[in-house]
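A short worksheet on the structure shown next.
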Amino acid sequence: MRKIILFFVTLALALATEHTVNNAKSTIDFQITKMLFIDVEGTFEHFEGSIIVSHDKLISVNGIIATNSIKTDSDDRDNSLKDEGFFNTTEHASILFRSTKIEDTKLHAEVTIKGVTQSLAFKIVSFSTNPTGTRLELSSDVNRQDFGLAGMMSFAINDIAHVTTMLVAE
């Protein structure tokens, strides 16, 4: 019985297709509130990753985000976010993302920021795939304190950041 199960698992993986995330067509954005009512929006401009699908089913998502590519509408804020208290881009150049479980409407992942790994759940907003590529949109609320993102003036910033991704992989 084990051999039969192993055969089918091997067959399913052999039929899987890996698509590479196209950075130019994809986005990783966040929104966080400061001073109780001011929404700050930002994005990470540089990242790479892969999406594996099999028979129109999402199998896994993995990625690396360059922390130094964080952008908001303020150079001063960007520099503050890159400093030691927040992302500390000098010592922690990347955010790591690795899916661990995929359900119909939810993707579970291990996310590592500043050397701290947390399990997070992302809502699958949309997913489509065809032989030439895959499109995946995810969203989640992430507690920045869970990752030690508490730099200068962090008392004025909400702990929860809303993160959205729209990944196009080819």
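The values are calculated or read from the model by the stated rules, or taken from the named source; none is laboratory data. All values reported here derive from a predicted model rather than from experimental measurement. Note: ideal-geometry Cβ built from the backbone for every residue, glycine included; neighbour counts use all protein chains shown. Ligands, DNA and RNA are excluded from the accessible area calculation, which covers all protein heavy atoms including side chains. Shrake-Rupley method; radii C 1.70, N 1.55, O 1.52, S 1.80 Å.
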In degrees rounded to 10, the 0-90 angle between helix 2-14 Cα long axis and the longest Cα principal axis of the chain is 60 degrees
For the chain, using Cα atoms only, the Rg and Dmax in Å read 17.7, 62
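Please report, as a whole percent, how much of the solvent-accessible surface of the chain comes from carbon and sulfur atoms (probe radius 1.4 Å). Don't skip to the end; give the middle numbers.
Details: 5590 of 10100 Å².
Carbon-and-sulfur percentage of accessible area, whole number: 55.
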Quick P(r) readout (segment 16-67; Cα-Cα; 5 Å bins; whole %) gives 5, 17, 20, 16, 14, 11, 8, 5, 3, 1
Scoring segment 94-133 by relative contact order with C-alpha pairs under 8 Å, at least six apart, yields a percentage of 31 percent
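What are the semi-axes of the equivalent ellipsoid of segment 81-170, taken as the square roots of 5 times the eigenvalues of the Cα gyration tensor, listed largest first and rounded to whole Å?
Semi-axis lengths for segment 81-170 are 28, 14, 12 Å.
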The lysines whose Cα lies under 29 Å from the Cα of Lys123, excluding any fewer than 8 residues away in the same chain, are Lys25, Lys34, Lys57, Lys71, Lys82, Lys101, Lys106, Lys114
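Using the Cβ atoms and a cut-off under 13 Å, what net charge is assigned to the surroundings of Ser26, where Lys and Arg are +1 and Asp and Glu are -1? Walk me through the intermediate numbers first.
Values: positive: Lys25, Arg135; negative: Asp29, Glu45, Glu48, Glu137, Glu170.
Cβ neighbours under 13 Å give a net charge of -3.
Rounded to the nearest whole Å², what accessible area per residue is found for the chain with the 1.4 Å probe? Mind showing how you got there, number by number?
Working: 10100 Å² over 170 residues.
So the chain comes to 59 Å² accessible per residue, rounded to a whole number.
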The equivalent-ellipsoid semi-axes of segment 38-118, taken as the square roots of five times the Cα gyration tensor eigenvalues and listed largest first in whole Å, are 28, 14, 11
